[in-house]
């Protein structure tokens, strides 16, 4: 790279030509940028040896995206960040520091500002005076040159570094403070919303009292105790079933959505967080999917959040050399080692007005960010989160993946949209969530101790006056294909739902006032009802079978009314649950998806039994390993990515985007 003299005669002669180019760009693109600033940038870049056509092209992009020529150049891939700032250092006559020593940066609260806008950091060395590292912006370099000319001794105290190096040094220097803050912030600031304490003293007292009374009841009056248990469980199970039936009935009503028609110049910075652990195999697929997002790279802030000791994943990312809009955030090893802790840690460096969360195996629709942004603009401020639907692509791999696809179809394409339409709380999915960053921070972000942070966050948003809605652009995922992997994942989910329900029920009266009685009851049916139906499923089957045997062995006139009613309720509970599961899932699927499921739907009874096993495992694991994160392994898809389709309505075919 050739570096010219800043302020040379050629520099002055070029100024008129470049100004004319900038004015032509503004006329052609309708840009509303600061032309004077772009002209100054263009002159600096020409002095650094960049060709005029490249500068002009980057200028058009800057006007279109509302950014700077420098930003567009660095994110375009035409120049490496290190080469650019090394050339800048030579132009200014300052030393260039490529690697910042870890011990040279002292942590302080103000250091966190360099995570979002890395431009300056001070190095301390016992053998010499402090040196300030700067990452100068081309549009402000005139002022820096002027100061260096007026105060020549500044050259002894200044050096140039890349923004990435400054940001990495800031992450490293403040890592211990930040990770401790991440783990403790919700518990210290909003303890009633934290799952760090599994059960409060009051909850423990009532649970112990209830258990003691139940044991005494069974010992003293065993027949009456069994009958009472049968009645209570059957009615609770039936109540939980009503929510799924309501979603089935009300799911066909459509809600119109405003199209996304913003120009690139109107787009804000969008932060994308992806938590990874032992995901080296899917890194190429993930980066390809993220690169397909239809959002200007100069407006993207993608953070791949890895555990600091996960060398395999970090090495896999670095080997692919992602662009400067993609940053690796290393989370220091500190318990609990959970996804919500990693996300909360990385949020300290988020530059965006909006935040999207994806999983390592996700393939989001390229237009998903644009749809979410358009919906946020069209929605009132209390809409703090948007949930994109998750669609399973490996339907044909096994019975488990096929039934998982039905379950996801029912949840993301039918139940959640219905809840959103009636302004009810949404138990979010763990991925493809889009947030306004202000409300997210206000409510305390993710709970590092809750192993289903998604459901907890959706309910906590509602409790504090915010709502969640759904969008249509989908994310493609793969389901577990083996029983062992599925069981581990589902056990973690049930454990997290138990945590969420226990947090919700610490002060049930106060929670009902915060949410409203109807919303509180809906959450009880969603979370509590799901737990009850899964835990009670074997008991209901036993009650149904024993009732059927007893009725077949007795004359019709000897069958009592209560026995007949309980048998009917149990029959509805079991077979109604299976039917609702199939109907909800199939109603939202395309014909192609239904064909791919084939006859695997017949495995629903087995799927429910496995769900019950996972629920009971979760109960015991909540006691023994409450914060253990059972990691789901992922593999890259074998087929080419094909996520560029618009999610269809419940009973229509997809439209090609």
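Since every read-out is calculated from the coordinates, none of them should be taken as a lab result. Source: prediction; values computed, not measured. Note: ideal-geometry Cβ built from the backbone for every residue, glycine included; neighbour counts use all protein chains shown.
Rounded to two decimals, the Cα radius of gyration of the stretch 88-173 over 2.2 N^0.38 Å is 1.06. Over the stretch 479-528, all Cα pairs binned in 5 Å intervals from 0 give whole-percent P(r) values of 5, 19, 22, 17, 12, 10, 8, 6, 1, listed from short to long. When you count the other C-beta atoms within 10 angstrom of each residue and take the mean per peptide, 584-592, 173-181 line up highest first as 584-592, 173-181. Compactness ratio for the stretch 322-407: Cα radius of gyration over 2.2 N^0.38 Å (N = residue count) comes to 1.39.
Please state, rounded to one decimal and in Å, the Kirkwood hydrodynamic radius that the stretch 322-366 gives when every pair of distinct Cα atoms enters the mean of 1/r.
12.5 Å
Treating r as the C-beta distance of residue 190 and residue 232 and R0 as 35 Å, the FRET efficiency rounds to 0.55. Calculated on the alpha-carbon coordinates, the convex hull of the chain measures out at 171 cubic angstrom per residue.
Rounded to the nearest 0.05, what FRET efficiency do residue 549 and residue 242 give with R0 = 22 Å and r taken as the Cβ-Cβ distance? Could you check? FRET efficiency, residue 549 to residue 242: 0.20. Estimated from helical segments only, the mean residue ellipticity of the chain at 222 nm is -17000 deg cm²/dmol, where each DSSP H run of four or more residues counts as -39500 (n - 2.57).
Dividing the convex hull volume of the Cα atoms of the stretch 540-582 by its residue count, what figure in Å³ per residue is obtained? If you can, show how the numbers build up before the last one.
Values: hull volume 2.5 nm³, N = 43.
Given the Cα convex hull of the stretch 540-582, per-residue volume reads 59 Å³.
In terms of its Cα atoms, the stretch 139-179 spans 43, 23, 13 Å along the principal axes, sorted from long to short.
Counting residues in the stretch 327-472 as N, plug N into 2.2 N^0.38 Å and put the Cα Rg over that result.
Details: Rg = 15.4 Å, N = 146, 2.2 N^0.38 = 14.6 Å.
Scaled against compact globular proteins, the figure is 1.06.
Among 340-350, 154-164, 484-494, sorting by the average number of other beta carbon atoms lying within 10 angstrom of each residue, highest first, gives 340-350, 484-494, 154-164. Mean projected area of the Cα convex hull of the stretch 129-243, taken over all directions, amounts to 15.6 nm². The Rg/Rh ratio for the stretch 412-484 is 0.99, where Rg is the radius of gyration of the alpha carbons and Rh is the Kirkwood radius.
The C-alpha atoms of the chain define a longest principal axis, and helix 201-220 lies at about 20 degrees to it.
Using the Cβ-Cβ distance between residue 311 and residue 631 with R0 = 25 Å, the FRET efficiency computed as 1/(1 + (r/R0)^6) comes to roughly 0.95.
Calculate I(q)/I(0) for the stretch 449-489 by the Debye formula, one identical point scatterer on each C-alpha and no solvent, and give its log10 at q = 0.17, 0.23, 0.24, 0.30 Å⁻¹ to two decimals. Summing over Cα pairs of the stretch 449-489 leads to -0.75, -0.91, -0.92, -0.97.
Could you sort the peptides 132-143, 528-539, 97-108 by per-residue average Cβ neighbour count (10 Å cutoff), highest mean leading?
528-539, 132-143, 97-108
For the chain, averaging the sequence separation of C-alpha pairs within contact (under 8 Å, six or more residues apart) and dividing by the residue count gives a relative contact order of 15 percent. Label reach from residue 507 (point 7 Å along Cα→C-beta): in the stretch 200-217, amide nitrogens under 16 Å belong to 200-203. Give me D for the stretch 545-609 in µm² s⁻¹, whole number, from Stokes-Einstein with Rh from the Kirkwood sum over alpha-carbon pairs, 25 °C and 0.890 mPa s. Here the translational diffusion coefficient equals 173 µm²/s.
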